[in-house]
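Here's the structure, in structure tokens; my notes come after.
The values are calculated or read from the model by the stated rules, or taken from the named source; none is laboratory data. None of the values given here were measured: they were computed from a predicted structure. FYI the Cβ positions are ideal-geometry reconstructions off the backbone, even for glycines, and counts take in every protein chain you see.
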Amino acid sequence: MFVICNRIPVAKGHEAEFEKLFLDRDDSKSQHPLKSFPGFIRNDILRPTKEEPYVANARSVHLADGRQVFAGSSFDTGPTAGEPAPAD
């Protein structure tokens with residue numbers, strides 16, 4: 001198993017909204033369903049204990065499969081440090 005770690009900065013004050021995006025994610029309605037990526041096992045989001053970025057861990061069977069989960073996916077967009085979260 002391979003784990004790809006992606007650090008995701010979240011603008012201060014938008015942490016709860018960011019976490020809700022992952023908790024409420026309906027993969028069947030996603031433009032980039034995680035389960036559609038070959039070898040995908042699971043995705044974990046780690047909450048920081050200090051003012052640091054969140055960490056998204058994508059677990060996959062093969063390294064190339066894990067890279068595909070993040071490359072060009074919906075993880076490339078979203079609230080980042082200094083930017084407000086999207087309204088919709």
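Taking Asp88 and the conditions (1) among the charged types (D, E, K, R); (2) at pLDDT below 55; (3) in a helix (DSSP H, G or I), which numbered condition does it fall short on, given that it satisfies the others?
(3)
Residue check, Asp27 against (1) closer than 16 Å to Ala58 by Cα; (2) touching a residue at least 60 places away in the same chain (Cβ under 8 Å); (3) acidic (Asp, Glu), all met but one. Which one?
Checking Asp27 against (1) closer than 16 Å to Ala58 by Cα; (2) touching a residue at least 60 places away in the same chain (Cβ under 8 Å); (3) acidic (Asp, Glu), the one that fails is (2).
Of the numbered conditions (1) surrounded by 11 or more Cβ atoms within 10 Å (Cβ to Cβ); (2) at pLDDT 90 or above; (3) not in a strand (DSSP E or B), Arg7 satisfies every one except a single condition; which is it?
(3)
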